[in-house]
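The values are calculated or read from the model by the stated rules, or taken from the named source; none is laboratory data. Since the structure is predicted, the reported quantities are computational estimates derived from the model, not experimental observations. Cβ atoms come from the backbone with ideal geometry, glycine included; neighbour counts cover every protein chain shown.
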Amino acid sequence: MVSILKLVVVKLGGSAITDKNKRYTPRYDVIENIAYDVKKLSEKFQLILIHGGGSFGHPVAKEYEIHKGFFSKKQILGYSKVRYYMTMLNQIVLEKMIEAGVPAVTLHTSNIAIAKNGEIFSMDADKILKYLNLGMVPILYGDAILDLNKGFCIISGDQIASYLALKLRPWKVVLGTDVDGIYSKDPKKHPQAKLIQVFSISEIEKIRTEKLEIDVTGGILAKILEMEKVVETGIPVIIGNITIKNGLLKLVKEETPKYTKIIV
Ligand code: ADP
Ligand code: IPE
């Protein structure tokens, strides 16, 4: 079966779909709006959705130091908990997608991928392609996964997005978050921060970034560095706000003036 639709890899940031400051708190209204946009987009594009952990993944991963790899028996209950809460968030996202009429299907990251030193070592992308060819919308998510050297680790949704982008060469990668794009400084703390519409990674030292204390995957700085591998190979990467109505729809189509295009 040959598909003529353009492939878009979309990351739904944990900052957008959850309240990152309150444990296990989904933002149902945001997820519903996103699902509506995904439904519309799925008529024109092939989509791979990847969601982040937000307050379902980070606090518990941090508590048990899952991102540092296995070093103590005390951590293993934490590994179970990360997997449990991430599955819970995934069910919420999946439920909203199905309610909106999106033929979404989850591929649990920890079951189809293995890491080596905190990086994805292999992932069964063939299964993802098979679902795409059936006209379905595969969903993956940042997760605790097995690591060949460290026992286990945390893989971010951004790492999954860049891995799949390099492997499947989509038309573009779209990173949805809770701010309009990359700013000179954190716009939540500095209202005078300026949105950078075309952001060159080579000028990364010119901006100031911050991350939440609970964030185990490095926040916006790690996101930008992860995307360097993608833009280097000529695949466009854009980042913008998906917490507003039709935010994702407009972002994918670049029909909003407020977003950032990341370049080398
Ligand atoms: P997500 O969870 O949506 O994938 P992150 O939480 O990792 O994204 O990164 C987005 C957050 O980064 C925003 O909520 C914003 O407050 C914060 N941030 C810090 N510094 C910056 C900056 N210079 N530009 C944009 N956002 C920034
Ligand atoms: C983190 O994924 C997953 C876990 C902490 C289990 P991300 O790093 O992609 O999550 P967000 O988008 O920052 O919340």
- Of the numbered conditions (1) away from ligand 2 (no atom under 12 Å from the Cβ); (2) part of a helix (DSSP H, G or I), GLY101 fails exactly one; give the number of that condition. (2)
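Each row is one residue, and each column tells you yes or no for (1) within 24 Å of ASP29 (Cα to Cα); (2) aromatic (Phe, Trp, Tyr); (3) more than 11 Å from ligand 2 (Cβ to nearest atom).
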{"position": "ILE48", "(1), (2), (3)": "yes, no, yes"}
{"position": "GLY52", "(1), (2), (3)": "yes, no, no"}
{"position": "GLY57", "(1), (2), (3)": "yes, no, no"}
{"position": "ALA61", "(1), (2), (3)": "no, no, no"}
{"position": "SER72", "(1), (2), (3)": "no, no, yes"}
{"position": "LEU77", "(1), (2), (3)": "no, no, yes"}
{"position": "ILE92", "(1), (2), (3)": "yes, no, yes"}
- Name, by its number, the condition in (1) closer than 26 Å to MET97 by Cβ; (2) within 13 Å of ligand 2 (Cβ to nearest atom) that does not hold for LYS211. (1)
- Message: One residue is enough: does region 137-153 have a residue meeting the conditions of a type in the set (Ser, Thr, Tyr) and touching a His at 6+ places or on another chain (Cβ under 7 Å)?
- Response: yes
- Task: Out of LYS229, LYS223, report the one residue that is surrounded by fewer than 17 Cβ atoms within 10 Å (Cβ to Cβ), modelled with pLDDT of 95 or more and within 24 Å of ALA61 (Cβ to Cβ).
- Result: LYS229
- Message: Looking only at helices (runs of 4 or more DSSP H) that lie completely in region 1-83, which have at least 1 residues being out of contact with any helix residue (DSSP H, G or I) (no Cβ under 7 Å at 6 or more places or on another chain) and among the charged types (D, E, K, R)?
- Response: 28-42, 54-63
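To keep it simple, each residue is scored yes or no on (1) in contact with a Phe, Trp or Tyr (Cβ under 7 Å, 6 or more places away or on another chain); (2) not charged (D, E, K, R).
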site	(1), (2)
LEU5	yes, yes
VAL9	no, yes
ARG23	no, no
PHE45	no, yes
LEU49	no, yes
SER55	yes, yes
VAL60	yes, yes
- Could you list, in sequence order, the residues of region 176-186 that are more than 16 Å from ligand 2 (Cβ to nearest atom) and either within 22 Å of LEU249 (Cβ to Cβ) or hydroxyl-bearing (Ser, Thr, Tyr) (or both)? ASP180, TYR183, SER184
- Task: Test ILE242 against the stated conditions and say whether it is within 14 Å of the chain's Cα centre (by Cα) and over 22 Å from ALA115 (Cβ atoms).
- Result: yes
- Task: Only residues that are buried (at least 16 other Cβ atoms within 10 Å of the Cβ) and under 18 Å from SER42 (Cα atoms): list them for region 62-106, please.
- Result: VAL93, LEU94, LYS96, MET97, ALA100, VAL102, ALA104, VAL105, THR106
- Task: Scan LYS96, LYS73, LYS44 and give me the residue that is within 18 Å of ILE242 (Cβ to Cβ), without any contact (Cβ under 8 Å) to a residue 60 or more places away in the chain and more than 15 Å from ligand 1 (Cβ to nearest atom).
- Result: LYS44
- Query: Mind checking whether some residue in region 185-201 is within 12 Å of ligand 1 (Cβ to nearest atom) and of a type in the set (Ser, Thr, Tyr)?
  - Reply: no
- List the strands (runs of 3 or more DSSP E) that sit entirely inside region 188-264 and contain at least 2 residues that are within 30 Å of ARG23 (Cα to Cα). 237-241
